[in-house]
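Below you'll find the structure, written out as structure tokens, and then a few comments.
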Amino acid sequence: MGADATPPGPGSFPAAPGGAGAKPPLDDVMLAMDVVDTLRRRERLAKSELDEAGREADLKERLRKIYADQGLEVSDKVIEQAVAALREERFAYKPPPPSLATRLALLYIRRAAWGKWLAGIAGAGILGTALFYFLVVAPKAALPRELTDLHREVAAMAQTPDARAAVNRVYHAGQAALREDNRAAAKEALAKLGDLRSVLGQEYTLRIVNRPGVMTGVYRIPDLNTGARNYYIVVEAVDPSGRVLTVPIQNEETKATERVKLWGLRVDQRTFNAVAADKKDDGIVQRDRFGYKEAGRLTPDYDLPTPGGAITKW
């Protein structure tokens, strides 16, 4: 070491081991950054001082006094470097240029905001998918199985050729509707099989109605033939326990099938007059049984002659 060498001061940037181009100590860098921060806090003053020639020395002196008041000795070199760094905006934050990486980073930073919307949209999508499955997909997929299972059950109940034919006819219509992707017609076939199951399961006596306030017989005058009359005897279905049943009856005037407890069975004039005479004798229909229906059959065995036509309103 030569005789003119002097120890480095607290604010100087001594050369670090490894050569003259090494970086200054971290403490000096931090001190320079602190000076820049002090200048930035007094940005308006610093800019006015730096913009006016000859006033830079006064600014440096003020900085030296600020740190001296805090018990810190800052060298001229550190102050000069800090002033230069402020002028060059060396320690100022500069946002990165727009790029895919910066956009992704901003999305990640703001994930708390857009994440709620995304979760809501995803939840709505999941709910909509679930509703569509349970309200559309699942019932549609279950319909063929329901039709097949119900047909098997009702066919086993049918005890007569006409009953079996009716069950198979409805089932084949439902199968044809499924092949054509006509879900409404397939559901209608399913409902008709349900009606057939109800009818085949019933066992009852077909009884002529004979009580106050209810007519025992009625007649109609057809619109197309006003010189003729259609005669009907009013009946009800009574099961072995005495309970009056509800029965699906097709009205021959409207062709609509209705579930009723009373309906009029069509008879000829001779039968109509015979029932009327029975009731007129003492106010009671003595022979009140019109027929009997066994389980497994679609229609009763009739004791009185009838073509089977019926009406549900009069």
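Ranking L178, L100 from most to least accessible surface, computed with a 1.4 Å probe over the protein chains only, gives L100, L178. Could you pull out which residues in segment 174-192 have an amide N less than 17 Å from a spot 7 Å beyond the Cα of E153, following the Cα-Cβ vector? Of the residues in segment 174-192, 187-192 have backbone N under 17 Å from the label point off E153.
Whole-Hz Karplus values for segment 72-82 come out as 10, 9, 10, 6, 4, 5, 5, 5, 4, 5, 5 Hz, taken residue by residue from phi with 6.51 cos²θ - 1.76 cosθ + 1.60 and θ = phi - 60°; glycine and proline positions read x.
Our summary gives segment 185-277 a relative contact order of 24 percent, counting only alpha carbon pairs under 8 angstrom and 6 or more residues apart. Whole-percent P(r), segment 198-280, all Cα pairs, 10 Å bins from 0: 16, 44, 33, 7, 0. Which part of segment 298-314 falls in the paramagnetic zone of Q250, meaning amide N under 16 Å from the point 7 Å along Cα-to-beta-carbon? It comes to 298-300, 307-312, nothing else.
Here the Karplus curve 6.51 cos²θ - 1.76 cosθ + 1.60, taken at θ = phi - 60°, turns the phi angles of segment 237-250 into couplings of 9, 10, 6, x, 8, x, 7, 7, 8, 9, 10, x, 10, 8 Hz, with x standing for Gly and Pro.
Plainly put, segment 173-314 has a radius of gyration that is 1.05 times its Kirkwood radius, both from alpha-carbon atoms, as the Rg/Rh ratio.
Extension gain for the segment L107 to D195, taken as residue separation times 0.36 nm less the Cα-Cα distance, is 25.5 nm to one decimal.
Over all pairs of different C-alpha atoms in segment 150-241, the reciprocal of the mean inverse distance, the Kirkwood hydrodynamic radius, equals 16.4 Å. Couplings 3J(HN,Hα) of segment 307-314, computed from phi: x, x, x, 8, 10, 10, 9, 7 Hz, in residue order, whole Hz [Karplus 6.51 cos²θ - 1.76 cosθ + 1.60, θ = phi - 60°; x for Gly and Pro].
Amide H contacts under 5 Å for G291: L206, D303, restricted to partners 5 or more places along the chain or on a different chain, H placed in the peptide plane at 1.01 Å from N. Between the amide H of V267 and those of Y231, Y232, I233, distances stay under 5 Å, these residues lying 5 or more places away or on another chain, with hydrogens modeled in the peptide plane.
Dipole size of segment 263-314 about its Cα centre, with +1 on Lys/Arg Cβ and -1 on Asp/Glu Cβ: approximately 220 debye, rounded to the nearest 20.
The values are calculated or read from the model by the stated rules, or taken from the named source; none is laboratory data. If you're wondering where the values come from, they're calculated on a predicted model, not measured in any experiment. A quick note on method: Cβ atoms are made from the backbone with ideal geometry, for glycine too, and the neighbour counts reach across all protein chains shown. Note: accessible area is taken over every heavy atom of the protein model, side chains too, but ligands, DNA and RNA are not part of it. Shrake-Rupley method; radii C 1.70, N 1.55, O 1.52, S 1.80 Å.
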